[in-house]
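The block underneath contains the structure these notes are about, expressed in structure tokens.
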Amino acid sequence: MSSHHLELTQVGIDFPTAKGPFTALKDVNLRINKGEFISLIGHSGCGKSTVLNIVAGLHQASTGGVILDNQEVNEPGPERAVVFQNHSLLPWLSAYKNVELAVKQTSNGRSKKEMKEWVEHNLELVHMSHAVDKLPAEISGGMKQRVGIARALAMEPKVFLMDEPFGALDALTRAHLQDSVMEIHAQLGNTVIMITHDVDEAVLLSDRIVMMTNGPAATIGEILPIELSRPRNRIELADNPQYNHYRHEVLKFLYEKQRKVESVDEHRKKQTEQKSETTQSNVA
């Protein structure tokens, strides 16, 4: 592995509200190597999507910043492709045309013939060659998501960002797509950051799992390296003690450690409220 090619340093973000600034993220530090597969996991509202959007250049950090290959990230760019939970395909274009649109935007001096081959190659990567002429309305949710992944890959991004890409799919479709993503990652060696709520998905796919603390002022609580050899087979891993240990560690963080933090915070809040009530009654 080469030196860090993506670095988040002291990243924080405040959003304006009627009651004053709301601190969504604080002091997020993460160094990612080229070709690493990173999962971000945490409870709803812990700022996972905000981290992803800052890396994508869709949000500007209020403090700190993101460096990709020695360049500061401050706006969206084709070297960072995003796949959302909602496929966001253009409904009036076929699967082929949806991918072609991305290829045209980043043509890199390809001839028409080369562009056609590149679109077909990326649809083949996600096993969608049979449906090139289908409109989004004519294919299933899983197939739409495959086309969305092909479109993102066709841009040849350095960093592939996925925001719960399989969240809306049934279990079987999700499993097939996870396998496809593992195949593609093995083949292309691109850097992937994926948001998930699914502990099994995180352990199966990742090199490291980044566990976020609850918001507000969410940050990285723990980072768990997943040292399971690749290629990974979900059926073989089901009985693997190491796999189950990793699973247990993530669950423990999410459901024990975060609960303890919450109850300590609630206790402090109550104490503060009681003190202020006592002060007010004394003044009265």
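Counted over the chain, the DSSP beta bridges are approximately 55% antiparallel. A Gaussian network model of the chain, with springs between Cα atoms under 10 Å, assigns the largest mean-square fluctuation among 123, 224, 40 to 224.
Among 51, 82, a tally of other beta-carbon atoms within 10 Å of each Cβ gives an order, fewest to most, of 82, 51.
For a quick check: sort 246, 96, 255 by the number of other beta carbons within 10 angstrom, fewest at the front.
Ranked by crowding around the Cβ, least crowded first: 255, 96, 246.
Placing pseudo-labels 7 Å out from each Cα toward the beta carbon at residue 127 and residue 239 gives an inter-label distance of 2.5 nm. Picking from 37, 15, 253, which is most flexible by a Gaussian network model of the chain using Cα springs under 10 Å? Judging by the Gaussian network model, the answer is 15.
In terms of overall dimensions, the C-alpha atoms belonging to the range 34-186 reach 46, 40, 30 Å along their principal axes, ordered largest to smallest. Short to long, the 5 Å bins of the Cα pair-distance histogram for the range 168-257 hold 2, 12, 23, 24, 20, 12, 5, 1 percent of all pairs. With the cut-off at 1.5 for a/c, could you classify the range 1-87 from its C-alpha gyration tensor as rounded, prolate or oblate? Prolate. Placing unit charges on each Cβ (+1 for Lys and Arg, -1 for Asp and Glu) gives the chain a dipole about its Cα centre, and among 152, 192, 203 the Cα reaching farthest toward its positive end belongs to 152. Listed options for volume of the Cα convex hull per residue in Å³ are (1) 159; (2) 258; (3) 141. The value calculated from this structure is the one marked (1). With contacts taken as Cα pairs under 8 Å at a separation of at least 6 residues, the range 1-152 carries a relative contact order of 20 percent. A Cβ-based charge dipole, computed about the Cα centre of the chain with Lys and Arg at +1 and Asp and Glu at -1, lands at about 340 debye.
The mean sequence distance of close C-alpha pairs (under 8 Å, at least 6 residues apart), as a share of the length of the chain, puts its relative contact order at 23 percent.
If you take the beta carbon distance between residue 230 and residue 117 as r and set R0 to 22 Å, what does 1/(1 + (r/R0)^6) give as a FRET efficiency, to the nearest 0.05? Don't jump to the answer; show the numbers that get you there.
Numbers: r = 28 Å, r/R0 = 1.29.
Efficiency, rounded to the nearest 0.05: 0.20.
Between residue 34 and residue 138, the simple spin-label model (points 7 angstrom out along Cα→Cβ) gives 4.1 nm.
Model label points for residue 223 and residue 60, set 7 angstrom from Cα along the Cα-to-Cβ axis, are 2.8 nm apart.
As a proxy for reagent exposure, 43, 130 were ordered by neighbouring Cβ count within 10 angstrom, fewest first; the result is 130, 43.
Subtracting the Cα-Cα distance of residue 251 and residue 170 from their residue separation scaled by 0.36 nm leaves 27.0 nm. GNM remark for the chain: springs join alpha carbons under 10 Å apart, and the peak mean-square fluctuation among 50, 196, 106 falls on 106.
Read-outs: derived from the displayed coordinates by stated rules, not from any lab. None of the values given here were measured: they were computed from a predicted structure. Neighbour counts are summed over all protein chains in view; Cβ atoms, including those assigned to glycine, are modelled from backbone coordinates with ideal geometry.
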